[in-house]
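Report on one structure; see the data block that follows.
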Amino acid sequence: MDRTQFLVALAIALFALGLVGVIVRRNALVMLMCMELMVNAVVLLLVTFAVRAGSTAGAAYVFLIFVVAAAEIAIAIPIVLLLARQRRTLDVSAFAELEG
Amino acid sequence: MTAGLPLYLLAALAVGGALVMLAARHPMRVALGLIATMLALAGVYADLGAHVVAVFQVLIYVGAVMVFMVFVIMLLDTRDPSFVARYSRLLLPGVAAVAALVALLGALLVGRGVAPARVAGAADFHLQPFSAAFLAEYWLPFELTSVLLVVVVVAAIAVIRGRGGRDG
């Protein structure tokens, strides 16, 4: 099997598993981790095509994505912890009235 | 270029870690599954020749993000109801919708394939050319990330302290 095609298939599989996790799991932290899995799948796609094109810009961009992802987690986890402190649970169904 | 045996093994490890993430009950096991997936992806990057990206993956994702996540999980109450009942009522429609999405993407991937590469070689992903290009061409985004990190620190403190700092 062609290597690029295989890696694209792997990225699709990981993204889909992360998406399933975000949809079906109830724990807010687990949902966050599944989102990280989706980010990782997309980064895998970016690296695959950057390596194929031999582009340094791709590597620099991947580094910036890593930093932004770390920043996003550093904000998301305090928000989840605040919600958990307020409602005494991490179950997202307890936050249903937050919609809208 | 065809995929070799190491790549298949690493891909199997990555998908296995992701499946553990879906099936595990306790968030700590989910975190360990995610760490396994991230390490396998670092191996994939190294196999591709993108050694810089592989090192970043281990340092930033496994070293920083997941350590943070594991610490937070250790702070939590293990009797939480979401630890016992894993899945919400969206289980069947969610899996069906994602299966349809995967079928569509897979059909596109198999049907159309990927255009052949015009440029060969991953030499730019080794440390020396990468650092030269990074600090010569991309120094402005690099500096902007430090501004972003400062903003994140301030925002995290603001989120935790809330209005008027009543939680201390």
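The values are calculated or read from the model by the stated rules, or taken from the named source; none is laboratory data. This one's a predicted model, so the numbers in the text were calculated from it and none came from an experiment. FYI the Cβ positions are ideal-geometry reconstructions off the backbone, even for glycines, and counts take in every protein chain you see. Accessible surface areas use protein heavy atoms only, side chains included; no ligands, DNA or RNA. Shrake-Rupley method; radii C 1.70, N 1.55, O 1.52, S 1.80 Å.
Given the C-alpha centroids of region A:2-19 and region B:1-22, what is the distance between them in whole angstrom? Answer, in whole Å: 10.
Relative to the Cα centre, what is the charge dipole magnitude of the protein assembly as shown, using +1 at the beta carbon of each Lys and Arg, -1 at the beta carbon of each Asp and Glu, and rounding to the nearest 20 debye?
Numbers: 17 positive and 13 negative charges, 143 e Å.
In total the dipole reaches around 680 debye.
In this structure the protein assembly as shown gives 50 Å² per residue of accessible area when probed at 1.4 Å with all protein chains present. With all protein chains present, how much of the accessible area of chain A (probe radius 1.4 Å) comes from carbon and sulfur, to the nearest whole percent? After summing per-atom areas, the C and S share lands at 69 percent.
Between rounded, prolate and oblate, where does region B:1-86 land on the alpha carbon gyration tensor, with a ≥ b ≥ c its root eigenvalues, rounded for a/c under 1.5, else prolate if a/b exceeds b/c? Judged from the Cα gyration tensor, region B:1-86 comes out oblate (a/c at least 1.5, b/c at or above a/b).
Taking a point 7 Å from the Cα of residue B:153 along the Cα-to-Cβ direction, the residues of region B:54-74 with backbone N closer than 18 Å to it are B:64-65, B:68. With a/c under 1.5 counting as rounded, go ahead and sort region A:3-98 into rounded, prolate or oblate using the C-alpha gyration tensor (a ≥ b ≥ c being the square roots of the eigenvalues; past the cut-off, prolate if a/b is larger than b/c, else oblate). Oblate. For chain B, averaging the sequence separation of C-alpha pairs within contact (under 8 Å, six or more residues apart) and dividing by the residue count gives a relative contact order of 19 percent.
Take each peptide in A:44-52, B:24-32, count the other Cβ atoms within 10 Å of every residue, and average; sorted highest first, the result is A:44-52, B:24-32. Across peptide B:127-139, the mean count of Cβ atoms from other chains lying within 10 Å of each residue's own Cβ comes to 2.
Which of the three applies to the protein assembly as shown, rounded, prolate or oblate, going by the alpha-carbon gyration tensor with a ≥ b ≥ c and a/c under 1.5 meaning rounded?
Values: a/c = 2.23, a/b = 1.32, b/c = 1.69.
Note, shape of the protein assembly as shown comes out oblate.
Protection proxy ranking of B:60-66, B:70-76, A:76-82, A:15-21, by the mean of other Cβ atoms within 10 Å over each peptide's residues and highest first, is A:15-21, B:60-66, A:76-82, B:70-76.
At a 1.4 Å probe radius, carbon and sulfur cover how many percent of the accessible area of region B:1-86?
So the carbon and sulfur contribution to the accessible surface is 76 percent.
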